[in-house]
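One structure is given here, and the rest of the page talks about it.
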């Protein structure tokens, strides 16, 4: 969403930028800081946009502000008291305060012509009254991707594999009027998942465009890992929840353990942003590092991953991307374009990495493979100015 916001602000368009999650530490986020520093944009929690009386001010002070203060969170007993108070106030007042009338008044007061959200269910936070107010006011709701759908196959989780129930997207996103998707392949997949194809518009994915990548990388706070030098081969493995996403934990563990035992390899394991390590045994392997993923990519020589879109940053930064296909039962989009070095077994991967260290192996994918992948999956098969296309489409559908 941020590249589109940035494009709108560059064009001096009026926007209201609001965070729907009152527990998110908005002011500490480096992306929000970028917007406030460059455009003096005021950022709000959605609950703060329209506060018609004192009760709303009290609610947002406790629910959106007080519970996110670091000074309070550092003191355990105080943090617990505030958290319990927050939950009581939230649960008792949320439906009373944030009803359809509040949503209608909020949309009118801010002169909203279009509501833009990410892919989300209507029962998250206070979307339901906003939807009803938008229907009454004839205001469209447009959804844009919160990330890149990396999997080519329909059953990418163990749950969907077991139940064969992958049509939930059509139900969860039914309340959204128009849905922007990155590529034709993803649109086809979502059609199979029950999404009305007439709702979808293929426009690419702004996050990984050349126009935005340099800006995004420059705003990330750098840490000391980038300056660390090492004559060994530097490898970073980005962990994911292997049990949820049809991964093969035993293959992941044994391969990483063998890599870590090789003297010329310096291995870092990065836990997934929203989870702990997928396997507690990984704590005994390499070095666990929570630096920003882009900083780790800039540090390393080789990125190993089997699921996450973070590998697109690796490709953009010209890092070798090793894709152990045997780590997972999924089929990935980069795999379809051969925009990675695919390994079918542990022996293949170990031999390939040794050959890279010995400088006897040519990387078996080229810039052409990467360009084709980005053209079709990230640029929407057309102009790389994806943010501009998003903004044009949003303005076209606004009232």
The range 1-111: helices (runs of 4 or more DSSP H) wholly inside it with 2 or more residues that are surrounded by 15 or more Cβ atoms within 10 Å (Cβ to Cβ) are 2-10, 30-39, 54-60, 76-97, 100-109
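Is it true that residue 303 is touching a strand residue (DSSP E or B) at 6+ places or on another chain (Cβ under 8 Å) and surrounded by 18 or more Cβ atoms within 10 Å (Cβ to Cβ)?
Yes.
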Restricted to the range 9-29 and to residues being touching a helix residue (DSSP H, G or I) at 6+ places or on another chain (Cβ under 6 Å) and farther than 24 Å from residue 58 by Cβ, the residue modelled with the lowest pLDDT is 15
ask   = residue 166: surrounded by 14 or more Cβ atoms within 10 Å (Cβ to Cβ) and in the same structural domain as residue 325 (by TED's automatic domain parsing), yes or no?
value = no
Here the residues within the range 197-211 that are modelled with pLDDT under 95 and surrounded by fewer than 21 Cβ atoms within 10 Å (Cβ to Cβ) are 210, 211
Screening 375, 362, 338 for residues that are more than 24 Å from the chain's Cα centre (by Cα) and surrounded by fewer than 19 Cβ atoms within 10 Å (Cβ to Cβ) leaves only 362
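The values are calculated or read from the model by the stated rules, or taken from the named source; none is laboratory data. Keep in mind the model is a prediction, meaning the values are calculated, not measured. Neighbour counts are summed over all protein chains in view; Cβ atoms, including those assigned to glycine, are modelled from backbone coordinates with ideal geometry.
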